[in-house]
Amino acid sequence: MNRRALLGAGAAGAATIAAAPAIARERHRWNLVTSWPKNAPGPGTTARRIAERITLMSGGRLTVKLHAAGELVPAFEVFDAVRRGVAQIGHSASFFWAGKIKASPFFTAVPFGLTPDGHNAWIYQGGGQELWDTLYAPFGVKPFLAGNSGMQMGGWCRRAIRTLDDLKGLTYRMPGLGGEVMRRLGATAVSLPPGEILPALQTGVIDGAEFLGPWSDIGLGLAKAAKFYHWPGFHEPNGSAECLVNRAAYEALPDDLREIVGAVCEAENARGMAEADWMNALALDGIEKTHGITLVRFGDDVLAAARAAADAVLAEAAAGDAATRRIHESYMAARRRSVAWGRVARHAVLDAQLRSAG
């Protein structure tokens with residue numbers, strides 16, 4: 001190699017070496033807004049871990065600052081904040097956007113629908129993620145599964161709900177498709193941000209409310225305002241949370257940082273579910289003595305009527321716009337497969353478990 005070639009090679013190598021630290025020094029600062037009160041057990045802790053782990057795993061190249069509901073934007077404005085770039089990332093639940101995106105509730109929960117394992121299978125393996133991406137793409141938002149509060153309880157009320165007549169005339173906090181089912185059963189369904197549920201119950205603005213499971217509900221203080229706690233949570237057999245990312249901000253990241261964002265969300269989806277399952281079991285144990293709570297099972301007539309109403313609500317969704325029809329068709333196909341497999345696996349084992357425990 002002649003001297004000119006050596007000098008050229010040396011210059012190219014020096015340029016490469018000089019460029020590497022510049023890439024490593026590149027810094028991105030994101031704001032993460034949430035729909036949850038600060039440190040709310042469950043989704044609040046999930047949002048905190050997402051912010052901390054993205055910052056840590058990126059070596060500080062992508063620093064994420066967490067903002068609880070109301071600190072930067074109100075709870076129900078998370079989607080719009082991410083869409084507009086007021087924040088680069090958000091943590092919430094998809095059914096809060098039903099007013100602007102009709103099909104969005106499918107990505108949190110459907111009454112009598114997929115359980116957490118089935119929902120994850122649909123999103124990760126059954127084409128659900130692609131449908132979700134397409135649904136949010138016009139808004140410049142990229143969604144990820146990011147935490148799961150598991151199967152929900154049916155909610156709190158100042159009086160027991162055992163029959164359909166007991167539901168008539170109640171004002172009940174229940175968002176999403178479950179709220180529409182409750183409306184058809186004779187209640188008035190309202191959607192309130194999590195931080196407003198307790199004062200609304202305490203002042204009588206609402207008669208009853210559901211949020212998540214015992215751990216998160218007690219952490220929110222709901223046991224102070226109502227003493228009848230209902231099950232099963234037919235309206236939300238799954239509790240997927242979503243991480244919303246501004247697509248322009250996401251695509252501005254280098255490949256490794258984009259991979260970190262996705263990996264943290266996927267890890268938190270598993271961690272959040274495990275945490276909720278464990279903590280709910282601990283919170284339920286002795287809840288009646290510790291908090292003076294009466295556990296009430298919804299009567300068979302309530303569940304039968306709720307199932308019929310849910311079928312009607314879903315049928316109407318299937319007759320809606322093209323995007324909702326596609327998502328409904330995919331979701332229901334996933335539910336059929338999940339139920340068929342569960343009949344000989346999940347449900348059969350759980351049934352045997354209950355019998356052996358009895």
> Can you list the strands (runs of 3 or more DSSP E) found entirely within the stretch 160-259 that contain at least 3 residues being under 21 Å from residue 280 (Cα atoms) and either touching a Gly at 6+ places or on another chain (Cβ under 7 Å) or at pLDDT 95 or above (or both)?
Replying inline: 228-231, 240-246
> Within the bounds of the stretch 249-262, is there any residue that is closer than 25 Å to residue 291 by Cα and either in contact with a Lys or Arg (Cβ under 8 Å, 6 or more places away or on another chain) or of a type in the set (A, V, I, L, M, F, W, C) (or both)?
Replying inline: no
> Which numbered condition trips up residue 62, out of (1) touching a His at 6+ places or on another chain (Cβ under 6 Å); (2) within 23 Å of residue 273 (Cα to Cα); (3) not basic (Lys, Arg)?
Replying inline: (2)
>> Of the conditions (1) more than 17 Å from the chain's Cα centre (by Cα); (2) not in a loop (DSSP other than H, G, I, E, B); (3) not basic (Lys, Arg), residue 59 satisfies every one except a single condition; which number is it?
In response: (2)
>> residue 69 - would you say it is part of a strand (DSSP E or B), crowded, with 21+ Cβ neighbours inside 10 Å and either over 15 Å from the mean Cα position of the chain (by Cα) or not β-branched (Val, Ile, Thr) (or both)?
In response: no
> When residue 308 is evaluated against the numbered criteria (1) under 26 Å from residue 183 (Cα atoms); (2) part of a helix (DSSP H, G or I); (3) small (Gly, Ala, Ser); (4) touching a residue at least 24 places away in the same chain (Cβ under 8 Å), which criterion, by number, is the only one it fails?
Replying inline: (4)
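Yes/no per residue for (1) modelled with pLDDT under 95; (2) in a helix (DSSP H, G or I); (3) under 27 Å from residue 185 (Cβ atoms):
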site	(1), (2), (3)
313	no, yes, yes
317	yes, yes, yes
320	yes, no, yes
324	no, yes, yes
327	no, yes, yes
330	no, yes, no
338	no, yes, yes
342	yes, yes, yes
348	yes, yes, no
> Only one residue in 269, 238 is closer than 30 Å to residue 156 by Cβ, in contact with a strand residue (DSSP E or B) (Cβ under 6 Å, 6 or more places away or on another chain), touching a residue at least 40 places away in the same chain (Cβ under 8 Å) and not β-branched (Val, Ile, Thr). Which one?
Replying inline: 269
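The values are calculated or read from the model by the stated rules, or taken from the named source; none is laboratory data. Computed from a prediction, not measured in an experiment: that's the story for all the values here. Don't worry about glycine lacking a Cβ; one is built from the backbone with ideal geometry, like all the others, and counts go over all protein chains shown.
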